[in-house]
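> Below is a structure I'd like to ask you about.
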Amino acid sequence: MRMRIDPRRSRRVCVDLLMWLYPARCRWCSEPLDDSPTLCRDCWDKIPLWNNRCDFCGTGTLHPTTQCLDCPYDVAFRRLRVATPYQDAARQVIHAMKYDGRPGLAKRLADLWMQLEPAPFDWKAYDAMVPVPLHRVRKAERGFNQAEVLARALTQRTGVPLRTRWLTRRKATEPLA
């Protein structure tokens, strides 16, 4: 009599064993993780939000302002918004999402955007959210477009329609990082 092994169950047993041998740790403070992805609860809660910001460049400021002292004067965009400084724990989460193939973190990053007071945008004033596309080769390497998964998470929270086909990328450019 042959015994049949369920591949899903054996995979789950292997994953549980590996998690027991090598427990997941916070990417910022190295504390063991509970049910929170990538960062422990304390580190998620410590990510600073830029509620006061420059209206023009989006940089965090002590008080709301229309144009801060550090604003670039020769920029091609009209307005930029930044939810948090790109440093410390926030940087670790973004790197995990982008380079470790963890698109599920986009939901937590979108939640950070939604916590900003006052809201960075009047979401009802926009017709669509259009993520910047990746070149097909880069998308194949990474497996997903991080801008698209973040935009998708934001559209679920704001009701602004997502339009992924309004822009195309034809030329493969060098990575910025």
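> Please sort 128-138, 166-176 by packing, taking for each peptide the average over its residues of neighbouring beta carbons within 10 angstrom, highest first. Walk me through the numbers before you get to the answer.
Working: 128-138: 15.2, 166-176: 8.1.
Descending packing order for the listed peptides: 128-138, 166-176.
> A follow-up question, please. In terms of modelled amide H atoms, which long-range or inter-chain residues lie less than 5 Å from the amide H of residue 25?
33
> Kirkwood Rh, Cα Rg: Rg to Rh for the chain? It would help to have the intermediate numbers written out before the result.
Numbers: Rg = 20.0 Å, Rh = 19.0 Å.
Result for the chain is an Rg/Rh of 1.05.
> Taking the dipole about the Cα centre of the chain, with the C-beta of Lys and Arg at +1 and of Asp and Glu at -1, give me whichever of 64, 164, 51 is farthest to the positive side.
Checking the options against the dipole of the chain, the answer is 164.
> Let me ask another. I'm checking a number: the convex hull volume of the Cα atoms of segment 28-124, normalised per residue, in Å³. What is it?
Working: hull volume 12.8 nm³, N = 97.
Convex hull of Cα atoms, per residue: 132 Å³.
> Expressed as a whole percentage, what fraction of the accessible surface of the chain belongs to carbon and sulfur atoms when a 1.4 Å probe is rolled over the protein heavy atoms? Present the calculation step by step, with values, prior to reporting the outcome.
Details: 6980 of 13150 Å².
The computed percentage sits at 53.
> While we're here: Accessible area per residue for segment 27-152 in Å², computed with a 1.4 Å probe and the full protein assembly in place, what is it? Numbers along the way, then the final one.
Working: 7860 Å² over 126 residues.
Counting only protein heavy atoms, the per-residue value for segment 27-152 is 62 Å².
> Another question, then. What angle, in degrees between 0 and 90 and rounded to the nearest 10, separates the Cα long axis of helix 105-115 from the longest principal axis of the Cα atoms of the chain?
Roughly 40 degrees between the two axes.
> Still on this model: So for segment 100-144, what percent of the C-alpha to C-alpha distances run longer than 13 Å? Write out the running numbers ahead of the final one.
On the way: 694 of 990 pairs.
The answer is 70 percent, as a whole percent.
> Given +1 on the Cβ of Lys and Arg, -1 on the Cβ of Asp and Glu, and no further charges, what dipole in debye does the chain carry about its Cα centre, rounded to the nearest 20?
On the way: 31 positive and 19 negative charges, 247 e Å.
The calculation lands at about 1180 debye.
> Further question on the same structure: What aspartates and glutamates could a cross-link reach from residue 171, if we take a straight Cα to Cα line under 20 Å and drop same-chain neighbours fewer than 8 places away?
Filter leaves 141, 148.
The values are calculated or read from the model by the stated rules, or taken from the named source; none is laboratory data. Quantities reported herein were computed from a predicted structural model and do not represent experimental measurements. In this analysis, Cβ positions are derived from the backbone assuming ideal geometry, glycine residues included, and neighbour counts consider all displayed protein chains. The protein model used for the area step is the full one, side chains on, heavy atoms only, and it has no ligands, DNA or RNA in it. Shrake-Rupley method; radii C 1.70, N 1.55, O 1.52, S 1.80 Å.
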